[in-house]
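Q: Structure in C-alpha cells, see below.
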Amino acid sequence: MNTLELILICFGMYMIVSISWSVAGMFGAPWVPTPIWVVDRMLKMADLKEGETLVDLGAGDGRIVIWAALRYKAQAIGVEIDPLRCLWANIVIHVLGLGSRARVIYGSLYETDALPKADVLTTYLLQSTNQELSEKIYRECKPTVRVISRTFTFPQFTLVSQDLKRNLFLYKHQQ
C-alpha cells in the first residue's frame with residue numbers, strides 16, 4: 001500500500017466518523033461518554049433491580065445498557081441514532097454474552113416504542129431534548145418508571161433525589 005492509498009483510507013474513515021458524530025448531534029445530543037463509575041451511581045440511585053427493564057435514550061456505545069445487564073442482571077434496551085455506535089454496542093454485547101438481556105436498537109429516541117417497557121429510564125441528552133421528550137415519556141412510560149438524567153433536568157417531573165457532585169437527577173414520572 002502506498003502513502004496516497006493510506007491517506008485516502010484514513011480520510012475516508014475520518015469522514016465516516018465525522019458524519020456519524022454530526023448525525024447523532026442533530027438528533028438529540030452529541031455523544032459524550034459517561035464514566036462507568038457515574039453509570040454505576042446512576043443505576044444505584046434508580047434502584048435498578050434484577051429482572052427490571054432499563055431503557056437508555058441516546059445509548060451511544062451502550063455502556064449503560066451493558067452495565068445494567070452485566071452488573072444488575074437487568075433487561076436493558078438502548079436507543080441510538082448513530083449506526084456505528086449502535087453496531088459497536090451490539091458487538092460488545094455479543095462478545096460479553098449478554099445478548100439475552102441487552103441490545104441497542106438503531107433508531108430515533110423521538111420515535112422509539114421502547115418506553116412502555118421501562119422500569120428505569122436513563123438519559124444524558126440536552127435540556128432542549130429533555131423538554132421535547134417529556135410529553136412522550138409522560139404519555140408512554142409506566143406511572144412507576146424511575147427517570148434518571150445526567151446534567152440536564154426534567155422540570156415537569158417530581159424530583160426524588162439528586163447527586164450534585166455527579167450532576168444526576170432522579171425523577172418520578174407522575175406530575
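Q: What is the log10 of I(q)/I(0) for the stretch 109-170, computed with the Debye formula using one identical point scatterer on each Cα and no solvent, at q = 0.16, 0.28, 0.29 Å⁻¹?
A: After summing over all Cα pairs, the log10 values are -0.46, -1.40, -1.47.
Q: Among K136/K165; K73/K172; K73/K136; K73/K165; K49/K73, which pairs are too far apart, with a Cα-Cα distance over 18 Å?
A: In this structure, K136/K165; K73/K172; K73/K136; K73/K165 exceed 18 Å between Cα atoms.
Q: Follow-up. Could you please rank I148, I64, I91, I77, placing first whichever residue has the fewest other Cβ atoms within 10 Å of its Cβ?
A: Final ranking by Cβ density, sparse to dense: I91, I77, I148, I64.
Q: How large is the dipole of the stretch 42-170 about the Cα centre if only Lys and Arg carry +1 and Asp and Glu carry -1, each at its Cβ, rounded to the nearest 20 debye? Provide the component values of the computation, followed by the final result.
A: Working: 16 positive and 14 negative charges, 89 e Å.
The dipole of the stretch 42-170 has a size of about 420 debye.
Q: Also, quick follow-up: Where in the stretch 95-168 are there trypsin sites (Lys or Arg not before Pro) that are in a DSSP coil and have at most 10 other Cβ atoms within 10 angstrom of their Cβ?
A: K165
Q: Give, in whole angstrom and from largest to smallest, the semi-axes √(5λ) of the equivalent ellipsoid of the stretch 61-113, with λ running over the eigenvalues of the Cα gyration tensor. Present the calculation step by step, with values, prior to reporting the outcome.
A: Working: eigenvalues 63, 30, 12 Å².
After scaling each eigenvalue by five and taking roots: 18, 12, 8 Å.
Q: Quick one: order D82, D119, D113 by neighbouring beta-carbon count within 10 Å, fewest to most.
A: Fewest-to-most ranking of D82, D119, D113: D113, D119, D82.
Q: Okay, moving on. Extending each Cα 7 Å along its Cβ direction at Q127 and T153, get the distance between those two points in nm, one decimal.
A: My value for the distance between the label points is 0.9 nm.
Q: Okay, next question. Could you give each residue of the stretch 131-142 its phi-based ³J(HN,Hα) in whole Hz, using Karplus coefficients 6.51, -1.76, 1.60 with θ = phi - 60°, and x for Gly or Pro?
A: So the J values, rounded to whole Hz, are 4, 5, 8, 4, 5, 4, 4, 4, 6, 9, 7, 5.
Q: Find how many whole Å separate the alpha carbon centroid of the stretch 87-142 from the alpha carbon centroid of the stretch 47-68.
A: 8 Å
Q: Shifting gears a bit: Just check the stretch 38-145 against the gyration tensor rule for me: Cα atoms, a ≥ b ≥ c as the square roots of the eigenvalues, rounded for a/c under 1.5, and otherwise prolate or oblate depending on whether a/b exceeds b/c.
A: On the way: a/c = 1.69, a/b = 1.21, b/c = 1.40.
Because a/c hits 1.5 or more and a/b fails to exceed b/c, the stretch 38-145 counts as oblate.
Q: Sticking with this structure for a sec: Treating cross-link reach as a plain straight distance, find the aspartates and glutamates whose alpha-carbon is under 13 Å from the alpha-carbon of K117, omitting any fewer than eight places away in the same chain.
A: Within the straight-line limit of under 13 Å, K117 reaches these aspartates and glutamates: E52, D56, E140.
Q: Working out 0.36 nm times the residue gap between D113 and V160, then minus their Cα-Cα distance, what length gain in nm do you get to one decimal?
A: 14.4 nm
Q: What does the net charge come to around G51 if you take all other residues with beta carbon closer than 12 Å to its beta carbon, with K and R at +1 and D and E at -1?
A: 0
Values in this text are rule-based calculations from the coordinates and carry no lab data. Keep in mind that this is a model prediction, so the values were computed, not measured. Backbone-built Cβ (ideal geometry, glycine too); neighbour counts: all protein chains shown.
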